[in-house]
Amino acid sequence: MKSQDIRKQFLEYFKSKSHSIVPSAPMVIKDDPTLMFTNAGMNQFKEFFLGNSIPKNNRVTDTQKCLRVSGKHNDLEEVGHDTYHHTMFEMLGNWSFGDYFKEEAINWAWELLTEVFKINPENLYVSVFEGSEDRDNLGLDTEALELWKKIVPEDRIIYGNKKDNFWEMGDQGPCGPCSEIHIDIRSEVEKAKAPGRDLVNMDHPQVVEIWNLVFMQYNRKANGDLEELPAKHIDTGMGFERLCMVLQNKQSNYDTDVFTPLLNEIEKITGVQYGKSEDSNIAMRVIADHVRAVAFSIADGQLPSNTGAGYVIRRILRRAIRYGFTFLNTKEPFIYKLVPVLSEQMGVAFPELKSQQGLMENVIREEEASFLRTLEQGLVLLENLMKDSKDKTISGEKAFELYDTFGFPIDLTALILRENGYELDEKGFEAELKKQKDRSREATAVSAGDWIDLNEVEEDTFIGYDQLEAEVKVAKYRKVESKKKGEMYQVVLNKTPFYPEGGGQVGDKGIILSSDGEVVDVVDTKKENNLIVHFTKELPRNTDADFKAIVNKTERSNTASNHTATHLLHQALRSILGTHVEQKGSMVQSGYLRFDFSHFSKVTSEELEKVETFVNARIRENLSLEEQRNISYQEAIDQGAIALFGEKYGDSVRAIRFGDSMELCGGIHVRNTSDIWYFKITGESAVASGIRRIEAISGEAAMEYFEEQTNILEEIKSGLKNANDPVKAINNLQDENIALKRQVESLLKDKAKNLKSELKQEVKNVNGINFLSKRVDLDAAGIKDLAFQLGEEIDDLFLLFGTEQNGKALLSCYISKDLVKEKDLNAGQIVRELGKYIQGGGGGQPFFATAGGKKPDGLNEALQKAESFIK
Ligand code: SER
């Protein structure tokens with residue numbers, strides 16, 4: 001069975017049990033502060049489990065792209081070393097939101113595996129939660145046990161502890177006991193040696209978990225307590241790649257058709273055969289695995305970067321590069337060449353891979369090239385460290401510096417040191433690493449208390465498209481403390497006109513005014529698991545009071561202006577540069593806007609001008625906002641609306657149209673494009689390979705910009721003779737300036753010439769030395785020039801010149817080279833000594849030196865003293 005068919009059959013099975021098939025949510029999460037990446041199929045449904053919103057269908061099924069590389073579920077270090085863990089993997093799942101519970105979940109899972117997929121039931125083991133005697137004090141899951149007993153012989157039921165049989169997504173949130181299904185795919189000979197049940201959960205590569213059935217019935221609160229959920233749910237997750245391994249009769253996930261095309265391509269590129277040695281096998285598996293994680297995340301809009309989710313992605317890619325570098329001897333970028341294979345193979349199930357292929361290739365190639373440079377540089381640094389080491393040991397501090405400042409991987413450092421007979425102070429390194437982690441944890445630590453519930457949150461809680469003020473109640477609140485922002489409160493209202501940050505647009509600011517006159521500032525608004533959370537510095541004294549929520553209108557209308565301008569900019573770019581332009585990020589706030597998009601070269605100034613003109617033409621066309629609030633996703637797309645990759649869209653969406661610009665968007669817009677007044681681009685730059693950024697302003701900010709520019713112009717004009725044509729006047733001034741400079745230069749030359757012949761007359765003979773000490777009116781360069789010219793014409797010359805320029809004194813001393821030798825004279829020493837008369841110092845060479853000082857009055861004395869050096 002091909003992997004594509006396995007995926008399809010899973011979904012079809014649950015469709016036949018009245019589940020609706022839904023698309024995978026993006027792998028990169030944007031609106032949940034507790035998670036960076038989707039780490040389980042249930043993430044996108046968290047709000048349903050918590051009762052924050054009501055699902056349209058209470059039975060759904062999907063295949064979800066997951067990434068387990070950070071936080072509670074982190075498999076990164078195992079990946080490649082074993083044959084069944086992955087960074088990015090697909091999780092097949094079926095869900096019940098308050099509908100069916102354990103009985104159906106268990107029976108269907110069993111039926112699908114044994115009757116549809118025809119897995120021999122004798123190879124399967126199941127587990128049930130045995131209970132726990134810790135603070136949760138939970139009992140044995142007898143309900144699941146009794147259900148399993150009906151279909152599985154008791155000797156294949158395993159009692160599991162909390163670690164294996166109680167599933168939690170993170171430190172907080174919905175959770176519950178679970179039953180896992182494990183499979184034993186060992187050969188009959190191996191099976192005879194040890195019973196399969198002894199190998200369950202023992203990290204045996206051929207006795208692995210394939211499916212986890214979670215019975216969601218609790219919510220883990222911030223204080224660690226469990227509370228019963230209002231309704232009971234089912235959340236199951238089956239590892240797609242492992243299922244493929246089983247159904248394709250393979251011993252490793254990497255031998256299935258999910259990975260073989262990638263491994264074949266790696267073989268072709270590197271010339272190394274998979275299976276040749278353990279080291280190269282690991283490297284090839286790492287690369288085949290990691291390219292998927294990186295490519296999927298770029299397709300979701302998350303590029304490698306230096307912070308947050310982007311940094312995690314960068315590190316995954318770097319891990320792959322360094323395995324290739326060390327074990328496959330790859331010194332040139334090559335991982336990007338796997339992208340076409342991946343998109344060919346998975347592009348049907350995940351069309352974003354096809355449409356984003358060019359971008360993925362470019363970004364990966366660029367990252368590879370730059371990290372390979374880092375590796376080369378790191379090797380040189382490491383070699384120097386080895387050379388400098390006296391005891392054949394490299395300190396943890398030095399290794400950490402290499403790792404932290406230069407991005408050089410520590411395991412590579414360790415390997416190279418070992419190969420050269422050096423030792424790494426690993427403990428020292430770990431200590432440095434820990435110090436750094438503690439620092440950053442401390443800086444970002446946020447602790448949130450539990451929500452205090454006061455009132456219901458209304459179903460259509462956001463009313464801010466139509467209202468900027470509303471009579472509201474506090475629905476819930478909690479206290480949060482962070483190192484960065486100190487103590488804050490988060491307040492959820494029963495309904496709110498405040499727009500929560502999203503779609504690139506910042507959250508609204510404003511106030512909450514209580515009926516007894518107390519004012520609480522709302523400094524930001526964000527969404528969390530479908531709750532709209534208002535961030536405040538204080539909590540209202542009486543949370544039960546009636547409140548008026550009032551959005552800051554100026555900020556809101558400036559932001560709306562920039563948001564609509566962003567749509568028009570997007571339209572302009574697609575129409576002027578081409579439809580390859582796709583939004584890759586945006587930031588819309590009251591002061592300015594920023595728009596990132598795919599495009600492979602710098603946008604020229606002519607193109608930028610055209611873009612500006614295009615947008616301003618739409619503004620002047622007075623296009624009215626046409627908004628469709630609850631339109632089906634498909635209908636909007638059919639009407640020509642643009643959707644963004646990596647965005648999660650529900651079945652019904654909001655479409656925003658201004659003339660021919662139509663986008664799916666939840667943000668705030670102007671009523672009419674004329675409200676934008678004017679659009680002005682202020683910057684164009686590169687964000688990454690193949691991604692450009694335009695920064696711009698509109699509305700009030702554009703008005704201020706022009707006012708400022710006009711003021712500058714007025715000021716310039718006021719200083720000009722011909723104020724009617726300032727450009728011409730400035731050009732004239734510049735021409736005049738050039739002509740004058742030339743004149744000055746030639747005059748100075750003449751002056752120096754005259755001066756030279758005058759000075760020649762004044763040179764006198766002192767003790768057989770041609771001596772002159774004099775004040776001249778030239779700049780430093782002129783004096784030097786003059787001294788050397790005189791030196792060429794007069795032998796055995798000793799010169800001391802003094803000059804005053806801009807209130808400062810300068811002494812320059814020239815001595816013919818023969819004199820320096822024969823009479824042991826040194827100009828450097830002489831000016832240093834004479835420097836004291838002008839309160840300064842200096843130096844130079846024995847035949848020419850200068851000293852500067854802040855006391856021009858002392859020049860004469862210094863000049864008089866000159867003769868004493870040769871007397
Ligand atoms: N949430 C469970 C898991 O991730 C089942 O989907 O294993």
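How about the range 346-361: which of its residues are within 27 Å of S70 (Cα to Cα) and touching a residue at least 60 places away in the same chain (Cβ under 8 Å)?
Listed by number, the residues that qualify are A349, F350, E352, Q356, L359, M360.
Can T61 be described as surrounded by 18 or more Cβ atoms within 10 Å (Cβ to Cβ), touching a residue at least 12 places away in the same chain (Cβ under 8 Å), over 21 Å from Y218 (Cβ atoms) and away from the ligand (no atom under 15 Å from the Cβ)? Steps first, please.
Numbers: surrounded by 18 or more Cβ atoms within 10 Å (Cβ to Cβ): yes; touching a residue at least 12 places away in the same chain (Cβ under 8 Å): yes; over 21 Å from Y218 (Cβ atoms): yes; away from the ligand (no atom under 15 Å from the Cβ): no.
No; evaluated as a whole, the condition is false for this residue.
Go through H580, H563, H534 for me and flag whichever is surrounded by 21 or more Cβ atoms within 10 Å (Cβ to Cβ) and either farther than 23 Å from E469 by Cα or in contact with a His (Cβ under 6 Å, 6 or more places away or on another chain) (or both).
Working: H580 fails: surrounded by 21 or more Cβ atoms within 10 Å (Cβ to Cβ); H534 fails: either farther than 23 Å from E469 by Cα or in contact with a His (Cβ under 6 Å, 6 or more places away or on another chain) (or both).
Unique residue meeting the criteria: H563.
Residue by residue through the range 118-142, note down the ones that are closer than 18 Å to V207 by Cβ and among the aromatic types (F, W, Y).
Y125
Could you tell me whether any residue of the range 668-682 is over 15 Å from A565 (Cβ atoms), free of Cβ contacts under 8 Å to residues at least 60 places away in the same chain and open to solvent by 30 Å² or more (accessible area, probe 1.4 Å)? Steps first, please.
Here is the first cut: in the range 668-682, the ones over 15 Å from A565 (Cβ atoms) are none.
No, every residue in the range 668-682 fails to be over 15 Å from A565 (Cβ atoms), free of Cβ contacts under 8 Å to residues at least 60 places away in the same chain and open to solvent by 30 Å² or more (accessible area, probe 1.4 Å).
Name, by its number, the condition in (1) in contact (Cβ under 8 Å) with a residue 24 or more places away in the chain; (2) over 30 Å from I511 (Cβ atoms); (3) touching a strand residue (DSSP E or B) at 6+ places or on another chain (Cβ under 7 Å) that does not hold for V581.
(1)
Of everything in the range 121-153, what is free of Cβ contacts under 8 Å to residues at least 60 places away in the same chain and of a type in the set (F, W, Y)? Give them in sequence order.
Of everything in the range 121-153, those that are free of Cβ contacts under 8 Å to residues at least 60 places away in the same chain and of a type in the set (F, W, Y) turn out to be F129, W148.
Could you grab me the full set of residues in the range 742-779 that are open to solvent by less than 60 Å² (accessible area, probe 1.4 Å), in a helix (DSSP H, G or I) and of a type in the set (A, V, I, L, M)?
Listed by number, the residues that qualify are A752, L755, L759.
Pairs, please: C-beta under 7 Å, at least 6 apart or cross-chain, first residue on the phi > 0 side of the Ramachandran plot and in the range 508-520, second at pLDDT 95 or above and of a type in the set (F, W, Y)?
Matching pairs, first to second residue: G510/F498.
Of I266, I210, I183, which residue is in contact with a Leu (Cβ under 9 Å, 6 or more places away or on another chain), under 28 Å from F37 (Cβ atoms) and more than 16 Å from the ligand (Cβ to nearest atom)? Outline the logic, then answer.
On the way: I210 fails: more than 16 Å from the ligand (Cβ to nearest atom); I183 fails: more than 16 Å from the ligand (Cβ to nearest atom).
Result of the check over I266, I210, I183: I266.
Being in contact (Cβ under 8 Å) with a residue 24 or more places away in the chain and either of a type in the set (D, E, K, R) or buried (at least 21 other Cβ atoms within 10 Å of the Cβ) (or both) is true for just one of I815, I870, I794. Which residue is that?
Values: I870 fails: either of a type in the set (D, E, K, R) or buried (at least 21 other Cβ atoms within 10 Å of the Cβ) (or both); I794 fails: either of a type in the set (D, E, K, R) or buried (at least 21 other Cβ atoms within 10 Å of the Cβ) (or both).
Sole residue among the options that is in contact (Cβ under 8 Å) with a residue 24 or more places away in the chain and either of a type in the set (D, E, K, R) or buried (at least 21 other Cβ atoms within 10 Å of the Cβ) (or both): I815.
Could you list, in sequence order, all residues of the range 13-35 that are within 29 Å of the chain's Cα centre (by Cα) and more than 16 Å from the ligand (Cβ to nearest atom)?
Of everything in the range 13-35, those that are within 29 Å of the chain's Cα centre (by Cα) and more than 16 Å from the ligand (Cβ to nearest atom) turn out to be P23, P26, V28, K30, D31, P33.
Pairs only if they're at least six apart or on different chains, beta carbon under 6 angstrom, first in the range 726-737 and in a helix (DSSP H, G or I) and at pLDDT below 95, second among the basic types (K, R) and open to solvent by less than 100 Å² (accessible area, probe 1.4 Å); list them, first residue then second.
As it stands, the answer is P726/K717, since those pairs meet every condition given.
For the range 569-588, how many residues meet the condition of being closer than 30 Å to N552 by Cα and either among the acidic types (D, E) or not in a helix (DSSP H, G or I) (or both)?
Matching residues across the range 569-588 total 6.
Look through G840, G828, G853, G807 and report the one residue that is touching a Gly at 6+ places or on another chain (Cβ under 8 Å) and open to solvent by 30 Å² or more (accessible area, probe 1.4 Å). Steps first, please.
Working: G828 fails: open to solvent by 30 Å² or more (accessible area, probe 1.4 Å); G853 fails: open to solvent by 30 Å² or more (accessible area, probe 1.4 Å); G807 fails: touching a Gly at 6+ places or on another chain (Cβ under 8 Å).
Only one candidate passes the filter, namely G840.
Within the range 537-560, work out how many residues are open to solvent by 10 Å² or more (accessible area, probe 1.4 Å) and in contact with a Gly (Cβ under 7 Å, 6 or more places away or on another chain).
Number satisfying all stated conditions: 3.
Select from the range 167-190 the residues that are open to solvent by less than 20 Å² (accessible area, probe 1.4 Å) and closer than 23 Å to G139 by Cα and list them in ascending order.
M169, G170, G173, P174, C175, G176, P177, C178, S179, E180, I181, H182
Checking the condition open to solvent by 10 Å² or more (accessible area, probe 1.4 Å), within 14 Å of the ligand (Cβ to nearest atom) and over 21 Å from the mean Cα position of the chain (by Cα), which residue from F10, F89 passes? Show your work before the answer.
Values: F10 fails: open to solvent by 10 Å² or more (accessible area, probe 1.4 Å).
That would be F89, the only listed residue that is open to solvent by 10 Å² or more (accessible area, probe 1.4 Å), within 14 Å of the ligand (Cβ to nearest atom) and over 21 Å from the mean Cα position of the chain (by Cα).
Any idea which residue in the range 217-236 is nearest to the ligand (Cβ to nearest atom), counting only those that are within 33 Å of the chain's Cα centre (by Cα), of a type outside the set (D, E) and not in a loop (DSSP other than H, G, I, E, B)?
We begin by selecting, within the range 217-236, every residue within 33 Å of the chain's Cα centre (by Cα); these are 219-224, 235-236.
Those left that are additionally of a type outside the set (D, E): 219-224, 236.
Those still in the list that are not in a loop (DSSP other than H, G, I, E, B) too: 219-220, 236.
Numbers: N219: 14, R220: 14, T236: 5 Å.
Taking the candidates together, the pick is T236.
I'd like the full set of residues that are open to solvent by 10 Å² or more (accessible area, probe 1.4 Å), under 24 Å from N161 (Cα atoms) and either assigned to a loop (DSSP other than H, G, I, E, B) or among the hydrophobic types (A, V, I, L, M, F, W, C) (or both), limited to the range 109-130.
W110, E130
Could you list, in sequence order, the residues of the range 470-488 that are assigned to a strand (DSSP E or B) and either surrounded by 13 or more Cβ atoms within 10 Å (Cβ to Cβ) or touching a Pro at 6+ places or on another chain (Cβ under 9 Å) (or both)?
Step one: filter the range 470-488 for residues assigned to a strand (DSSP E or B), giving 470-472, 474-482, 486-488.
Selection gives A470, V472, V474, A475, K476, Y477, R478, K479, V480, E481, S482, M488.
Hey, could you check the range 268-302 for residues that are over 23 Å from S598 (Cβ atoms) and among the hydroxyl-bearing types (S, T, Y) and say which is surrounded by the fewest Cβ atoms within 10 Å (Cβ to Cβ)?
Our first condition is that a residue be over 23 Å from S598 (Cβ atoms); within the range 268-302, this holds for 268-289.
Still in the list and also among the hydroxyl-bearing types (S, T, Y): 270, 274, 277, 280.
Working: T270: 19, Y274: 19, S277: 11, S280: 22.
Applying the filter and picking the extreme gives S277.
Does the range 37-49 contain any residue that is touching a residue at least 24 places away in the same chain (Cβ under 8 Å), surrounded by 23 or more Cβ atoms within 10 Å (Cβ to Cβ), more than 12 Å from the ligand (Cβ to nearest atom) and closer than 21 Å to D289 by Cβ?
Yes, that holds for at least one residue.
What pairs can you find where one residue is in the range 230-242 and in contact (Cβ under 8 Å) with a residue 40 or more places away in the chain and of a type outside the set (G, A, S), the other is within 9 Å of the ligand (Cβ to nearest atom) and open to solvent by 10 Å² or more (accessible area, probe 1.4 Å), and their Cβ atoms are less than 8 Å apart, with a gap of 6+ or different chains?
Taking only residues 6 or more apart or on different chains, the pairs are D235/W167; T236/N212; M238/M91; M238/N212; F240/M91; R242/E209.
The values are calculated or read from the model by the stated rules, or taken from the named source; none is laboratory data. Because the structure is predicted, anything quoted here is derived from the model rather than measured. For neighbour counting, all protein chains shown are included, and Cβ atoms are generated from backbone atoms with ideal geometry for every residue, glycine included. Heavy atoms of the whole protein, side chains included, go into the accessibility calculation; ligands, DNA and RNA do not. Shrake-Rupley method; radii C 1.70, N 1.55, O 1.52, S 1.80 Å.
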